[in-house]
1. Quick check on my link table: of K55/K134; K27/K134; K19/K106; K55/K107; K107/K134, which ones sit more than 26 Å apart, alpha carbon to alpha carbon?
2. Which whole-number percent is the relative contact order of the chain (Cα, under 8 Å, 6+ apart)?
3. Mind putting a number on the dipole of the chain about its Cα centre? Charges go on the C-beta only, +1 for Lys and Arg and -1 for Asp and Glu, and I need it in Debye to the nearest 20.
4. At 15 angstrom or more along the helix axis (alpha-carbon based) and mean Kyte-Doolittle of -1.0 or higher, what helices does the chain contain? Whole DSSP H runs only.
5. Could you bin all the Cα-Cα distances of the chain into 10 Å bins starting at 0 and give me the percent of pairs in each, rounded to whole numbers?
6. Within the accessible area of the chain, what % is carbon and sulfur when the probe is 1.4 Å and the other protein chains stay in place?
7. Run the helix sum for the chain: -39,500 (n - 2.57) per DSSP H stretch of 4+ residues, divided by residue count, reported at 222 nm to the nearest 500 deg cm²/dmol.
8. With every protein chain left in place, what is the accessible area per residue of region 44-151 in square angstrom, probe 1.4 Å?
Amino acid sequence: MWIKDLLYNIKNPIPRDDKYHDFADHKNIMNIHNGLNVISNLALIIPVLYFYKNKKYKFMYINVILLALTSAYYHLNPNEYTIIYDMMFVVGTHTSAIMYLINSDKKNFIYILGIISVYYATVYDDVRLYELVKYGSSIYFIYNVYKNKSI
């Protein structure tokens, strides 16, 4: 949906949907509000087991752990303030993945661009740059994995 909004409404800001924090899961599991959303973040730790063995991906490993923690924190208390932490490591994990595919000084720039996109989305209530960096880095990563089957 964001692609359609971005293409048709490129000149105007795209604010985060007012219903963004209204999750389908409102169940309390073990006295945890939004229990399934919080507990499902533990699944993010599974790839860390692979990253931990392969020291090459240490930066990615750190981002995934922080994503699991900040996402669980956000889902415990979803609001405009806690989402900033979640967004930071969502985009951080996406951009850190493509950092391993690039052999230049642009690695740090891409990660910093992700941080700037979260800042911009938060301050200006406009998720265009955030979504572009998040999904653009994913598309770039998938394309490179498909193109270079040895990755």
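1. Working: K55/K134 24 Å; K27/K134 29 Å; K19/K106 36 Å; K55/K107 18 Å; K107/K134 15 Å.
K27/K134; K19/K106, as the Cα separations exceed 26 Å there.
2. Details: 153 pairs, mean separation 32.2, N = 151.
Reported relative contact order: 21 percent.
3. Values: 15 positive and 11 negative charges, 183 e Å.
Dipole of the chain, to the nearest 20 debye: 880 debye.
4. Details: long enough: 58-76 (27 Å, 1.09); 82-99 (26 Å, 1.16); 106-124 (26 Å, 0.86); 128-147 (27 Å, 0.00).
Qualifying helices: 58-76, 82-99, 106-124, 128-147.
5. 11, 34, 36, 17, 2
6. Numbers: 6500 of 10010 Å².
Summing carbon and sulfur atoms, their accessible area is 65 percent of the total for the chain.
7. Numbers: 7 runs with 96 residues, N = 151.
Theoretical 222 nm ellipticity from helices: -20500 deg cm²/dmol.
8. Result: 60 Å² of accessible area for each residue.
The values are calculated or read from the model by the stated rules, or taken from the named source; none is laboratory data. Predicted model only: the values in this text are computed from it and were never measured. Note: ideal-geometry Cβ built from the backbone for every residue, glycine included; neighbour counts use all protein chains shown. Heads up: the accessible areas ignore ligands, DNA and RNA and are worked out on the full protein's heavy atoms, side chains in. Shrake-Rupley method; radii C 1.70, N 1.55, O 1.52, S 1.80 Å.
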